[in-house]
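What follows is a single structure, written as structure tokens, with notes after it.
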Amino acid sequence: MVLECLGERTVAFGHRDRIVDPSRGYNPHLEMRMNALLPTCRAAGTVIITNMGAANPRAAAARTIEVARKLGFKGLKVACIEGDDVARAVPRDQPFMDEPGNLSDVDMPVVGMNAYLGSDAIVPALEAGADVVIGGRLADPSMFLAPLVHRFGWNGSDLQRLGAGTLVGHLMECGMQVTGGYFADPGMKDVDGLSRCGFPIAEVTEDGSAVITKLQTAGGCVNLATVKEQLLYEVHDPARYITPDVTADFSRVVVENAGADRVRVSNAGGSARPDSLKVTVGFDGGFQGEAGVSYAGPAAVERGRLAVEIVGHRIYKLLGGQPDLRFSLIGVNSLFTNAGTYPAETEDVRLHVAMRSRRREEVEVLLWEVESLLCCGPAGGGGFRGVIAPCVMTKSVLIERDLVRPTVEILMA
């Protein structure tokens with residue numbers, strides 16, 4: 001069972017949490033999930049693999065041991081995978097992976113740098129008999145590929161099977177996306193029982209071909225369309241999908257029906273893995289504030305636009321310079337800011353103002369000014385809400401593979 005729970009921004013937030021409290025930095029839902037899953041997985045002999053360790057895999061592993069002991073699971077083995085933190089190996093002038101410039105161009109403190117680890121970092125934990133495998137920046141498809149390599153004995157030179165296993169991982173890594181979640185579009189692509197949508201299951205054979213399915217009692221669906229959509233999700237070049245394990249080739253994949261909510265995939269390929277690994281660099285972006293007020297009834301849009309004018313004028317006057325601000329009228333232009341056309345008649349809009357700053361007190365000014373619209377702004381404003389939260393920014397660079405040295409340590413309950 002794979003719990004793929006990490007994104008580039010979430011690992012950066014994990015580093016911020018760990019700076020504040022060295023015992024934190026892992027997924028805050030880890031304890032709840034382990035309490036829910038360990039009893040069933042222990043009884044069935046099911047291994048859990050997860051990247052919920054985020055910026056602090058060791059603390060996550062230790063917390064899992066505590067949960068196991070409270071549940072009475074003496075002898076449970078938890079593998080802690082480290083080595084993805086490469087902050088000491090990446091120079092401050094390292095060029096960006098996919099845009100001009102380098103790290104020194106970013107005028108923000110670095111909170112962490114994590115390389116994407118492949119299946120070769122996970123397999124030793126499985127070989128050691130781990131019941132739970134916890135890492136940080138484990139590459140999404142690699143967490144699914146590793147148990148296939150371990151179970152079937154695939155080796156690093158078997159590029160076709162590594163590509164096939166990576167296809168399985170890519171289809172599985174986003175959970176309910178392939179079982180109808182992100183697929184659903186009422187009236188166009190209807191999905192039944194989405195509120196109880198089932199997570200995907202992959203039945204994989206030794207040659208790497210697989211059937212993607214779900215529990216028949218669960219909601220959602222698995223069909224040719226859901227699988228094809230996920231197959232192309234976040235893939236720039238289907239013939240060269242680069243992962244830490246292999247450069248996978250999805251361009252000749254065969255997708256075919258295999259029964260109700262069952263789709264078979266086969267014929268993936270692969271070529272040599274890259275000599276470098278992607279590194280996510282997280283920066284402390286200070287604070288982000290969001291505040292809003294609603295307007296309804298006749299002339300709601302006009303009153304909303306007047307509110308934008310008032311808040312903008314006051315913020316620029318109070319803070320000076322060019323603060324990092326964004327104004328939106330939800331229901332008019334919150335998503336399509338450059339569309340140029342707006343609804344002809346709207347009687348329900350919400351002013352939304354967002355701001356980022358290194359200084360919390362500047363963001364607090366924003367919240368006060370938006371709240372003041374209730375008395376000092378256009379008529380009929382109501383429903384003020386405001387929040388301030390930490391903000392991070394991420395960039396990507398490459399690092400030579402030889403500079404990344406994963407480690408595995410087994411902890412016992």
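The values are calculated or read from the model by the stated rules, or taken from the named source; none is laboratory data. Note that the structure is predicted; figures quoted are calculated from it, not measured. Using ideal geometry, Cβ is built from the backbone for each residue, glycine included, and neighbour counts are taken over all protein chains shown. Quick note on the areas: whole protein, heavy atoms, side chains included, nothing else; ligands and nucleic acids left out. Shrake-Rupley method; radii C 1.70, N 1.55, O 1.52, S 1.80 Å.
Okay, here's what the table says:
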| quantity | calculated |
| --- | --- |
| Within the range 286-305, considering residues that are open to solvent by 10 Å² or more (accessible area, probe 1.4 Å) and in contact with a Lys or Arg (Cβ under 7 Å, 6 or more places away or on another chain), the one farthest from GLY381 (Cα to Cα) | PHE287 |
| Flag if MET97 is in contact with a Phe, Trp or Tyr (Cβ under 9 Å, 6 or more places away or on another chain), over 24 Å from VAL253 (Cβ atoms) and not in a strand (DSSP E or B) | no |
| Count - residues of the range 216-239 that are of a type in the set (Asp, Glu) and closer than 16 Å to ASP185 by Cα | 1 |
| Residues that are among the hydrophobic types (A, V, I, L, M, F, W, C), modelled with pLDDT of 95 or more and surrounded by 15 or more Cβ atoms within 10 Å (Cβ to Cβ), drawn from the range 367-409 | LEU367, VAL370, LEU373, PHE384, ILE388, VAL397, LEU398, ILE399, VAL404, VAL408 |
| VAL78 being touching a strand residue (DSSP E or B) at 6+ places or on another chain (Cβ under 6 Å), surrounded by 15 or more Cβ atoms within 10 Å (Cβ to Cβ), in contact (Cβ under 8 Å) with a residue 24 or more places away in the chain and part of a loop (DSSP other than H, G, I, E, B) | no |
| Extreme residue, surrounded by the most Cβ atoms within 10 Å (Cβ to Cβ), among residues of the range 216-231 that are of a type in the set (S, T, N, Q) and part of a loop (DSSP other than H, G, I, E, B) | ASN223 |
| Condition met for ALA55 (open to solvent by less than 70 Å² (accessible area, probe 1.4 Å), out of contact with any Lys or Arg (no Cβ under 8 Å at 6 or more places or on another chain) and either part of a helix (DSSP H, G or I) or of a type in the set (Gly, Ala, Ser) (or both)) | no |
| Every residue from the range 258-276 that is closer than 9 Å to VAL211 by Cα and open to solvent by 40 Å² or more (accessible area, probe 1.4 Å) | ARG262, ARG264 |
| Top-ranked residue of the range 107-129 - restricted to ones that are crowded, with 24+ Cβ neighbours inside 10 Å and among the small types (Gly, Ala, Ser), ranked as farthest from the chain's Cα centre (by Cα) | ALA125 |
